[in-house]
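Comments concern the structure below.
The values are calculated or read from the model by the stated rules, or taken from the named source; none is laboratory data. A quick note: this is a predicted structure, and the numbers were derived from the prediction, not measured. Glycine also receives a Cβ, built like all others from the backbone with ideal geometry; neighbour counts cover every protein chain displayed. To get the accessible areas, we keep the full protein, side chains included, count just its heavy atoms, and leave off ligands, DNA and RNA. Shrake-Rupley method; radii C 1.70, N 1.55, O 1.52, S 1.80 Å.
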There are 2 protein chains.
Amino acid sequence: MKTMKRVMLAVVITLMAFAAKGQTNTSAEDSIRAADAAWEKTYEAKDLEKAVAFCDEQGSLLWPNSPVATGRNAITKLTASAFAIPDFRLTWHPDKVGVARSGDLGYTSGSYTWSFKDASGKPVSDKGKYLTVWKKQADGSWKVLFDMFNTDMPQ
Amino acid sequence: MKTMKRVMLAVVITLMAFAAKGQTNTSAEDSIRAADAAWEKTYEAKDLEKAVAFCDEQGSLLWPNSPVATGRNAITKLTASAFAIPDFRLTWHPDKVGVARSGDLGYTSGSYTWSFKDASGKPVSDKGKYLTVWKKQADGSWKVLFDMFNTDMPQ
């Protein structure tokens, strides 16, 4: 009977662990939302190193008017070219955050505003939407697997 | 002892079920890839009803030069407006397909080519990249939660 009690206990603990896993999605969503907000801060600060560090080693930036930038080097180059634009200012905010039941893959999506000065020094502003796919890392942090945006403005 | 054996059997079956779930990711990826290809066929055929049916009830099209279209009505309207463009032809192909361990959320990403005739009848063509987030439905099918694309061409 002692062994059976132990087995029963193991079953109960296993089931509780799986039940708890199901309930961690809210906190996983909070973690992704926090990563999204922290990444946005690195853009406000134009902190290239920290901005790039938010991307997965195999991450891709799918930005308009540019081929896909995959991996640390390409992401650094593309991000640096954005930060180098005169008076570049990009802010964004997620409207939707979601995560898989297994808590290893999630997304944020929302709106951005972007302003800068063009080659002639004229201020330009743009607003649109974005979609970011986040992948949980071995250390528990969330990093960008894909990031994409485009304008809402008519052509 | 009979009860204990039954409990042990239940534990083994539970563990086997979870192990099997972990191994279904390759076939889940195949299912997402197949959904992506089938959705693309509805665009080649300009079959509005079938194209829209690939989208989740709460799905969003995040297309350039247009606000986000969320839900069946908005998706139908935006898709219909694309299909109505003279000589509209859109094809795409995924380069990357991934799925969460839990098999309920996945993505496809790749390249598209698009051609049409503008208001003056001049042929226009564009190529770029896309990112689609897929959500598994209660019936086991995969539907589009987010679909986004933008051009590779310089501004």
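Kindly provide the set of residues from the stretch B:117-146 that are within 26 Å of A:GLY110 (Cβ to Cβ), more than 9 Å from chain A (Cβ to nearest Cβ) and out of contact with any Asp or Glu (no Cβ under 7 Å at 6 or more places or on another chain), ordered by number.
So in the stretch B:117-146, the residues within 26 Å of A:GLY110 (Cβ to Cβ) come out as B:126, B:128-137, B:142-146.
Now drop any that are not more than 9 Å from chain A (Cβ to nearest Cβ), which leaves B:126, B:132, B:134, B:136-137, B:142-144.
Once the filter is applied, which keeps residues that are within 26 Å of A:GLY110 (Cβ to Cβ), more than 9 Å from chain A (Cβ to nearest Cβ) and out of contact with any Asp or Glu (no Cβ under 7 Å at 6 or more places or on another chain), the stretch B:117-146 yields B:ASP126, B:TRP134, B:GLN137, B:TRP142.
Please identify the pairs in which a residue from the stretch B:46-67 that is under 22 Å from B:THR151 (Cβ atoms) has its Cβ atom under 7 Å from the Cβ atom of a residue that is part of a loop (DSSP other than H, G, I, E, B) and open to solvent by less than 60 Å² (accessible area, probe 1.4 Å), counting only partners at least 6 apart or on another chain.
B:SER66/A:ASP152; B:PRO67/A:ASP152
Going by the conditions given, is B:PRO67 in a strand (DSSP E or B) and either surrounded by fewer than 16 Cβ atoms within 10 Å (Cβ to Cβ) or on the phi < 0 side of the Ramachandran plot (or both)?
Values: in a strand (DSSP E or B): no; either surrounded by fewer than 16 Cβ atoms within 10 Å (Cβ to Cβ) or on the phi < 0 side of the Ramachandran plot (or both): yes.
Considered against the rule, which asks whether it is in a strand (DSSP E or B) and either surrounded by fewer than 16 Cβ atoms within 10 Å (Cβ to Cβ) or on the phi < 0 side of the Ramachandran plot (or both), B:PRO67 comes out as no.
Any residue in the stretch B:124-142 that's part of a loop (DSSP other than H, G, I, E, B): show its pairings with residues that are at pLDDT 95 or above and open to solvent by 10 Å² or more (accessible area, probe 1.4 Å) at Cβ separation under 7 Å, as long as the two are six or more apart or on different chains.
B:GLN137/B:LYS143
Please go through (1) closer than 28 Å to A:TYR112 by Cβ; (2) within 14 Å of chain A (Cβ to nearest Cβ); (3) of a type in the set (S, T, N, Q) for B:THR76 and return the number of the only condition it doesn't satisfy.
(2)
For the stretch B:83-108, give me the residue count where each residue is open to solvent by less than 50 Å² (accessible area, probe 1.4 Å) and without any contact (Cβ under 8 Å) to a residue 12 or more places away in the chain.
As a first pass, look at the stretch B:83-108 and keep what is open to solvent by less than 50 Å² (accessible area, probe 1.4 Å): B:83, B:85, B:88, B:90-92, B:94, B:97-100, B:102-108.
From the residues that got through so far, the ones that are without any contact (Cβ under 8 Å) to a residue 12 or more places away in the chain too are B:100.
Of the residues in that region, 1 qualify.
Surrounded by fewer than 16 Cβ atoms within 10 Å (Cβ to Cβ), within 9 Å of chain B (Cβ to nearest Cβ) and closer than 22 Å to B:MET153 by Cβ: is that true of A:ASN150 in this structure?
Values: surrounded by fewer than 16 Cβ atoms within 10 Å (Cβ to Cβ): no; within 9 Å of chain B (Cβ to nearest Cβ): yes; closer than 22 Å to B:MET153 by Cβ: yes.
When the stated conditions are applied, A:ASN150 does not pass them.
Give just the number: which of (1) open to solvent by less than 50 Å² (accessible area, probe 1.4 Å); (2) more than 10 Å from chain A (Cβ to nearest Cβ) does B:TRP114 not satisfy?
For B:TRP114, the failing item is (1).
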